[in-house]
1. So, in the stretch 126-138, exactly how many residues are surrounded by fewer than 16 Cβ atoms within 10 Å (Cβ to Cβ) and closer than 23 Å to Y154 by Cβ?
2. Filter the stretch 19-47 down to residues that are closer than 13 Å to M8 by Cβ and touching a Gly at 6+ places or on another chain (Cβ under 9 Å), then give me how many there are.
3. Kindly indicate whether V138 is out of contact with any Phe, Trp or Tyr (no Cβ under 9 Å at 6 or more places or on another chain), modelled with pLDDT under 90 and of a type in the set (A, V, I, L, M).
4. So which residues in the stretch 1-20 are closer than 16 Å to S47 by Cβ and among the β-branched types (V, I, T), if there are any at all?
5. Taking the stretch 4-42 as the search range and keeping residues that are outside any strand (DSSP E or B), modelled with pLDDT of 80 or more and touching a Ser or Thr at 6+ places or on another chain (Cβ under 9 Å), which one is surrounded by the fewest Cβ atoms within 10 Å (Cβ to Cβ)?
Amino acid sequence: MEVGDKIMVLDDVFSGIVVQVNGEIISVETDDGFEMDFNRSELVIISSEIKKNEFHPFNLNEIKADKQQNKPKKSTRVKPKERSLPPMEVDLHIHQLVPNEKGMSNFDMLEIQLDTAKRQLEFAMRKKIQRIVFIHGVGEGVLKTELEFLFRKYDNVAYNDANYQKYGRGATEVYIFQNIKNN
């Protein structure tokens, strides 16, 4: 064995290149870049043609970068149907908001529903979500009326009945204008 020989370790999964020979002790630089000493009897020569200064291990990051540059960019096409779907739905039915509504008055339920609607509307404004559908149900129309009162408090909000085919008469769609100029 001489410096530059490519070797493998018999009873382990190391391979590398001989960097120093000192009698029976062979110093090997592993493929991972570590230098280790082995007894000559523990090593097998794979190739003696490769010398240390000729050996250039591949750089995984360079290969990945080359592949990234040559790869065409994928364009994500949004289907017309998906464009028209509202990105956010908020179900205001009381059984969706609390684990147990027993013992709650109508006023308590309405307050929870309105607080949830306000919180979700402001969340959507912060996250720049343009459209929200509030599912309120048909009932007597009290929640719907209160929601409309809430929506009128905001300058950058428009609302109307949501898609009848999907929600029936029990939902209101809110559109949030993103570029409102403050005077």
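The values are calculated or read from the model by the stated rules, or taken from the named source; none is laboratory data. Here the structure is a predicted model, which means the values were calculated and not measured. A quick note on method: Cβ atoms are made from the backbone with ideal geometry, for glycine too, and the neighbour counts reach across all protein chains shown.
1. Residues flagged as surrounded by fewer than 16 Cβ atoms within 10 Å (Cβ to Cβ) and closer than 23 Å to Y154 by Cβ within the stretch 126-138 amount to 4.
2. 4
3. Numbers: out of contact with any Phe, Trp or Tyr (no Cβ under 9 Å at 6 or more places or on another chain): yes; modelled with pLDDT under 90: yes; of a type in the set (A, V, I, L, M): yes.
Yes; evaluated as a whole, the condition is true for this residue.
4. V3, I7, V9, I17, V18, V19
5. E24
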